[in-house]
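Here's the structure we're looking at; comments come further down.
Readers should treat all values here as calculations from the given coordinates under stated rules, not as data from a laboratory. Quantities reported herein were computed from a predicted structural model and do not represent experimental measurements. Methodologically, a virtual Cβ is constructed for each residue, glycine included, from the backbone with ideal geometry; neighbour enumeration extends over all protein chains shown.
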Amino acid sequence: MAVTEEEIRCAASSKESEKPMSKDVDRSTSDDDDEVTAEGNGPSTALDLTDDWIEDHMKDVTVAVIGNVDSGKSTLVGVLTKGGLDDGRGQARAKVFNFSHEAANGRTSSIAQEIMGFAPGGDQVLIERMATTTANSRNTTWQQVVSQSERLVTFSDLCGHEKYLKTTIFGLVGQCPDYTMIIVNANAGFQRMSREHLGIALALSIPFFIVVTKIDIAPQNVYEENLAQLHKIVKSNAVKRQPLVVKEEAQMQAAASGIYNKEVCPIFCVSNVTGDGLPLLRCFLRCLPSRLQDSGLFKPPSCPAEFHIDSIYVVPGVGLVVGGVVRAGRIRPGQQLLLGPDKVSQFKPVLIKTIQYKRVNVDSAESGQHCSFALRSLVKRETLKKSMFRKGMVLLSPETQPRAIWSFKAEARASS
Ligand SMILES: Nc1nc2c(ncn2[C@@H]2O[C@H](COP(=O)(O)OP(=O)(O)OP(=O)(O)O)[C@@H](O)[C@H]2O)c(=O)[nH]1
Ligand SMILES: [Mg+2]
């Protein structure tokens, strides 16, 4: 693909502002073998104007799963990604939860991520013993799925209970999903929290589709009433989409292109217990196009790096690790970035030691990818601690010369 004008503009402005790192930077590599380049900016800072978005990238879509409490979000994610069925009493969701307290009360209170992979022929990649939930076994299964797949769908299973709405909003805003999958219980219909979630998806301009679950236990008349209610909501002035109940593969193209153009809201009716409707939903997920370059959320890989941190871990034997989304540029191990703003509005230099994408070690991460970095402070005698982090911190390329500000003017429009 040809270099765009925007890429050239970005590259030109970042060259102008290139500055050496501050003096109190510790460039020693004594405590490990991390390589820092002579310019102190790591191997990837030299801008490559022929840079393009990695093609692999286009084959990975992220889907945020939202909807009312108990509508079957975690269950559907478990059933789709692990390949089995549910028993109607919480069996499948147990493979998705992050924490034991979630497993104990059955309620999602954190963001869980699961992947679904499709091999070149279109078959889903299913790994034996995929049901295991420890971090190590998850790492192994993710690595196997990634290595055997041509297309990936990454689900963020969000919380349905009002008490955790903040976490759900964070999942929708911070994780920049390509699509949202709204889960509706066929027995209970479209309830209050589903409305809230739909409102947020609309405000964020994230295309959405609906999956009606529990069709095995909903009486026919209730199911039909609730489906009619969904049609009404989807066609309403606030939503303005054409509902499309997908009943056969021939409708798949219309459903995938319609959701992408934000004209159609595909609706799937499934049972996680009997498996009805799941093959069509799988087929649709496989067809979903990436919105990476159209979402307006990401700058090209040739721009200066920008990484939004959403999680912090201390990993035994590795040290401090941050997770988040690369919103611009390309980042490689050995690169120096600025971390901040900290509690006193400062940015400090850090070194990227290693990078993981989908739990797999990689040589670079680029715009649009959700990944994690093992970090080391480049400030003399300073060790990074979890307590140094706060919400909203970012990693930026030094040439952006970041400056923290305390106030700004904004114009807000409230929609009813
Ligand atoms: N019969 C039947 N039961 C289902 C189906 N899908 C989910 N369930 C059951 O519904 C219950 C709730 O499912 P969850 O997956 O925990 O619902 P959730 O939307 O993730 O709930 P929160 O995380 O609390 O918001 C569980 O007991 C599931 O076994 C289905 O299609 N049919
Ligand atoms: Mg759940």
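Observations on the model:
- If R0 equals 35 Å, the separation of the Cβ atoms of Ala238 and Gln346 corresponds to a calculated FRET efficiency of about 0.20.
- All lysines inside 29 Å of Lys214 as judged from Cα atoms, apart from same-chain residues fewer than 8 positions distant: Lys73, Lys82, Lys95, Lys163, Lys166, Lys232, Lys235, Lys240, Lys247, Lys262
- Taking Asp157, Asp363, Asp70 and counting other C-beta atoms within 10 Å, the order from fewest to most: Asp363, Asp70, Asp157
- With θ taken as phi - 60° and the Karplus curve 6.51 cos²θ - 1.76 cosθ + 1.60 applied, the whole-hertz 3J(HN,Hα) list for the stretch 207-217 is x, 9, 9, 10, 10, 8, 9, 6, 5, 6, 10 Hz, x standing for glycine and proline.
- Compared with the direct C-alpha span, the chain from Lys391 to Gln143 gains 86.3 nm at full extension, assuming 0.36 nm per residue.
- Pairwise Cα distances in the stretch 58-287 exceed 29 Å for 20 percent of all pairs.
- Cα gyration tensor category, rounded, prolate or oblate, for the stretch 103-189 with a/c compared to 1.5: prolate
- Just so you know, the averaged projected area of the alpha carbon convex hull for the stretch 155-253 sits at 7.0 nm².
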